[in-house]
Amino acid sequence: MFASETSIVDHILLGISNLERGIEWIEKLTGVKTTIGGVHPGRGTRNALLALGGKTYLEIIAPDPEQSEFNFDIDLKKMNEPRLVTWAAKSDDIDALAKRAKDHLFEVSGPSDGSRTRPDGKILKWKTLGVTNKFGEQGVEPFPFFIQWSADSIHPSQDSPKGCELISFEVQHPNANELLKTFEKFGIEIKVKEAKNVRLIANLKTPKGNVTLS
């Protein structure tokens, strides 16, 4: 393990082709309505957010019809039904993490600066790091990207609608052992189970009882 500064889930991403439909689906399932987060300029996406307890949140992510380009890694436009598509792991020193990953012969992209403007005009800033891997299948990326929030940005978990809590999060994968070993190298403690297909599974405690997202 070479990345002790990474360990926990920052947020999980629920992809869908239409943001309004995703918002309605989550509200019907959980009893809590998400709040609009904003758009990602140059990425072609926009989002809505839901706090999941602690410094963790759910991001509903969908194409932004106001942007002509779409550069998100997963083709959300084909997703008529909501599905967990990937997740972000928290990092306290993303530059050091990138260096250590490259020193251990991992191919990375970033750290890259990111930002979005909230509906109230406040700008949130962060850095992300992607690690090239072979674990993604069928529009699901089980290996996370890493995120470090700017010190002057409010973490979305702090001001997103509350009422839900992340009880557990796990990954299912046909090559569970190899994925688990790679997680361990990055200091990621996530449950991994052998399965025929790649799936992300999040169990939530909600005002409507326990629900499962996958």
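Observations on the structure shown:
- Rough spin-label spacing in nm, given labels placed 7 Å along Cα→Cβ, for residue 195 and residue 17: 2.4 nm
- Debye intensity ratio I(q)/I(0), log10, the chain, q values 0.16 Å⁻¹ (C-alpha model): -1.13
- Bridge type composition, region 6-163 - antiparallel percent by DSSP, nearest 5: 80 percent
- Spin-label model distance (nm) - residue 154 vs residue 93, 7 Å beyond Cα toward Cβ: 3.0 nm
- Between residue 81 and residue 177, the distance separating the two model label sites (each 7 Å from Cα on the Cα→Cβ line) works out to 3.2 nm.
- Nearest-0.05 FRET efficiency for residue 24 and residue 162, computed from C-beta distance (R0 25 Å): 0.85
- Helices in the chain, meaning DSSP H runs of at least 4 residues, each add -39500 (n - 2.57). Divided by all residues, the mean residue ellipticity at 222 nm is -4500 deg cm²/dmol.
- Distance histogram for region 83-170 (every C-alpha pair counted, 10 angstrom bins, percent rounded to whole numbers): 14, 39, 36, 11, 0
- The chain: most fluctuating residue of 83, 100, 46 per GNM, C-alpha cutoff 10 Å: 100
Each reported figure results from applying straightforward, stated rules to the coordinates on display, with no laboratory input. Computed from a predicted model, the values in this text were never measured in an experiment. Reconstructed Cβ throughout: ideal geometry from the backbone, glycine too, with neighbour counts over all protein chains shown.
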